[in-house]
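The values are calculated or read from the model by the stated rules, or taken from the named source; none is laboratory data. The structure presented is a predicted model; accordingly, all values stated were derived computationally and were not measured. We place every Cβ from the backbone using ideal geometry, glycine too, and count neighbours over all the protein chains shown.
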């Protein structure tokens, strides 16, 4: 190789090296941004699921308190108290988990639950018992779907474990609500 070819070759190698070194930080930055976006999306999904579960718990506690005060059937009153106790306990556990993750959970049920509560408040006696138990069946069907989906698809290990632990409890509530609702017809 003559001297001119050698110099051109070295210049080309040097230019390629400069281009490679200059673009490496850009590629790394793009990779970091993509990773940050992925983490933000995962956190948003965890927040959304945790919020939905918390709202379901809040609704059951609120409805349970109403049921304890308005139900005419001792069996409905007992079920209502178990809603306050079980969902209140789970809500407390969920809040502790959220606190460790720096999440803020809602302090009130979702609008749809609040509207259902308004309808229940206008009923009394046996009519209240029927409406209450019908609402409990619907709420627990929705809650069961939510926690089963969370147990299956959540990326966050703590939330997934919580949903796996909670699903059988909600299933038990649903079965009991259906049994009581059927006995009131």
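Looking at this structure, is residue 158 touching a helix residue (DSSP H, G or I) at 6+ places or on another chain (Cβ under 6 Å), farther than 16 Å from residue 60 by Cβ, surrounded by 13 or more Cβ atoms within 10 Å (Cβ to Cβ) and touching a residue at least 40 places away in the same chain (Cβ under 8 Å)?
yes
Do we find that residue 167 is in contact with a helix residue (DSSP H, G or I) (Cβ under 9 Å, 6 or more places away or on another chain), surrounded by 13 or more Cβ atoms within 10 Å (Cβ to Cβ) and at pLDDT 95 or above in this structure?
Yes, satisfied.
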